[in-house]
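Undergrad: For reference, the structure I am asking about is given below.
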Amino acid sequence: MTTRPIITFRPLDHATWHSDGRRIYQNCRFRSPYSKTVELLLTELGMINVNEVVIEVDVPESQVRNDGMLYARANPKNPRVRISFKHPKAGHLQYPCDTYNDWQDNIRAIAMTMGAQRAQERYGATRHNQQYKGWAALPPSGSTDRKTLEKNAYDMITLSGALCATDDLLEDAETYRRVYRLAAICCHPDTGGDDVMFSKLQAIKQVIDKHFGGGA
């Protein structure tokens with residue numbers, strides 16, 4: 001039985017997009033509706049037991065719903081797409097794609113690439129998830145050393161009052177967002193905190209945001 005991953009959309013962080021200078025995109029190659037593309041992506045993610053996936057597209061925050069899905073009116077300015085998730089064995093992976101002139105086609109291209117990679121393992125062409133090594137998520141430039149990250153994560157957990165390990169916060173973006181929300185409520189001047197506490201929290205958030213590639 002496969003899992004049913006949770007999809008979260010986010011605005012694309014262009015600062016961490018490693019561009020090859022592409023300006024001309026290919027026309028649509030696929031003839032499948034978007035609903036089938038999403039189903040294919042979920043199937044591929046489920047086959048490798050991924051629980052959560054982040055899809056970055058070029059939309060403003062206002063076009064992302066509170067549940068992490070896109071509004072029907074969402075209209076990405078650029079076809080660039082980046083899909084990120086944690087593979088149970090290969091670790092954090094990222095799949096950027098801007099081959100096609102429609103962002104939905106680029107999502108389908110990523111899903112099909114994942115299917116081809118899974119086939120390599122199934123047919124014995126690779127061993128020990130070697131096919132995923134080229135897709136490993138790179139740490140952001142100027143990333144903070146682990147000791148500093150752990151200290152900031154510990155301080156955020158302390159401010160929030162949450163029961164959470166520092167490793168869990170630093171390895172899972174959803175856990176980080178949850179703990180930050182709790183800390184923000186505790187530290188905000190309107191809900192029992194003060195300006196000093198809230199400023200400290202924002203400084204901590206900036207450090208951990210960099211760890212997650214510019215924002216979680």
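Rule-based calculations on the coordinates, nothing more; no lab input. Remember, predicted model here, so these are calculated numbers, not experimental data. A quick note on method: Cβ atoms are made from the backbone with ideal geometry, for glycine too, and the neighbour counts reach across all protein chains shown.
Undergrad: Mind checking which lysines have their C-alpha under 18 Å from Lys89, skipping anything on the same chain fewer than 8 residues away?
TA: Lys133
Undergrad: Check the straight Cα-Cα distances from Lys77 and name the aspartates and glutamates below 15 Å, setting aside those fewer than 8 residues away within the same chain.
TA: Once the sequence-local aspartates and glutamates are set aside, what remains near Lys77 is Asp13, Glu56, Asp58, Glu61, Asp98, Asp102, Asp105.
Undergrad: In a GNM of the chain with a 10 Å cut-off on Cα contacts, which of Gln26, Gln131, Gln202 has the highest mean-square fluctuation?
TA: Gln26
Undergrad: Now a separate question. Which chymotrypsin sites (Phe, Trp or Tyr not before Pro) in segment 26-78 pass both tests, a DSSP loop state and at most 13 other beta-carbon atoms within 10 Å?
TA: Tyr71
Undergrad: Long-range amide H contacts for Phe9: which residues qualify at under 5 Å (H placed 1.01 Å from N, peptide plane, sequence gap of 5 or more or a different chain)?
TA: Ile55, Met69
Undergrad: Which three semi-axes in whole Å describe the equivalent ellipsoid of the chain, each the square root of 5 times a Cα gyration tensor eigenvalue, listed largest first?
TA: Ellipsoid semi-axes (Å, largest first): 33, 21, 16.
Undergrad: Calculate one ³J(HN,Hα) per residue across segment 109-114 by plugging θ = phi - 60° into the Karplus curve 6.51 cos²θ - 1.76 cosθ + 1.60, and present them in order as whole Hz with x for glycine and proline.
TA: 4, 5, 4, 5, 4, 4
Undergrad: As I understand it, the value is the acute angle between the Cα axis of helix 34-47 and the longest principal axis of the Cα atoms of the chain; what does it come to in degrees, rounded to 10?
TA: Roughly 70 degrees between the two axes.
Undergrad: Further question: Percent antiparallel among DSSP beta bridges with both residues in segment 6-135, to the nearest 5?
TA: 65 percent
Undergrad: Check which residues have an amide H placed less than 5 Å from His87's amide H, if you skip close sequence neighbours.
TA: Those lying under 5 Å, H to H, from His87 are His92, Leu93.
Undergrad: Follow-up. In cubic angstrom, how much convex hull volume per residue do the alpha carbon atoms of segment 147-192 span?
TA: Each residue corresponds to 59 Å³ of Cα convex hull volume.
Undergrad: Under a straight-distance cross-link criterion of Cα-Cα below 21 Å, which lysines are reachable from Lys147, leaving out those fewer than 8 residues away in the same chain?
TA: The qualifying lysines are Lys200, Lys205, Lys210.
Undergrad: With a sphere of radius 11 Å drawn around the Cβ of Cys28, what net charge do the other residues whose Cβ falls strictly inside it have (Lys, Arg +1; Asp, Glu -1)?
TA: Once all neighbours under 11 Å are counted, the net charge is +1.
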